[in-house]
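Right, one structure below, let's go through it.
Taken together, the values in this text are just the output of simple stated rules run on the coordinates, not laboratory data. Every value quoted in this text rests on a predicted model; they were computed, and no experiment measured them. Using ideal geometry, Cβ is built from the backbone for each residue, glycine included, and neighbour counts are taken over all protein chains shown.
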Amino acid sequence: MSALVVFCRDCGKQVTSSQTRDGRCLDCQVRRSVAALRDEHARLWRKRERYRTRNANVDQIGRQIAKIEDRIAQRIRELVPNDREAVDHLRRELEAIRGQRYTIKGV
Ligand SMILES: [Zn+2]
């Protein structure tokens, strides 16, 4: 198999052509694939913060957030065939979205 090196059209990273789809590296494929879910996650997370400050019940929102995270995991598993890599991607995505929230909270 010839491994042709190409540049990802989104991030410019050098990758072998076999790892790309539509000219994008796996990282960018994952990021694009979960972008909408990340937004939804962010929205629910903020909602939960608001409810919490009012001492409202946040169990339901917590379940919704967990569901979104499950869907993110599912998307990643569809894109990343290697189990261990899929777990790595998922961990990075979740750290990124939760990290964002913590940053906003800290302001
Ligand atoms: Zn890329």
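Would you confirm, using the coordinates I've provided, whether Ser17 is within 16 Å of the ligand (Cβ to nearest atom) and touching a residue at least 24 places away in the same chain (Cβ under 8 Å)?
So Ser17 does not fit the description; no.
For the range 34-78, give me each residue that is buried (at least 17 other Cβ atoms within 10 Å of the Cβ) and closer than 25 Å to Val5 by Cα.
If the condition is that a residue be buried (at least 17 other Cβ atoms within 10 Å of the Cβ) and closer than 25 Å to Val5 by Cα, then Ile76 is the only one that fits.
Could you check the range 1-41 and list, in sequence order, the residues that are more than 17 Å from Pro81 (Cβ to Cβ), touching a helix residue (DSSP H, G or I) at 6+ places or on another chain (Cβ under 6 Å) and not basic (Lys, Arg)?
Listed by number, the residues that qualify are Leu4, Val6, Cys8, Asp10, Cys11, Leu37, Glu40, His41.
Please work out which one of (1) touching a Ser or Thr at 6+ places or on another chain (Cβ under 7 Å); (2) of a type in the set (Lys, Arg); (3) surrounded by fewer than 15 Cβ atoms within 10 Å (Cβ to Cβ) is the condition Arg91 fails and give its number.
Arg91 satisfies every listed condition except (1).
Taking the range 11-31 as the region of interest, how many residues are loosely packed, with under 14 Cβ neighbours inside 10 Å and in a helix (DSSP H, G or I)?
Count: 2.
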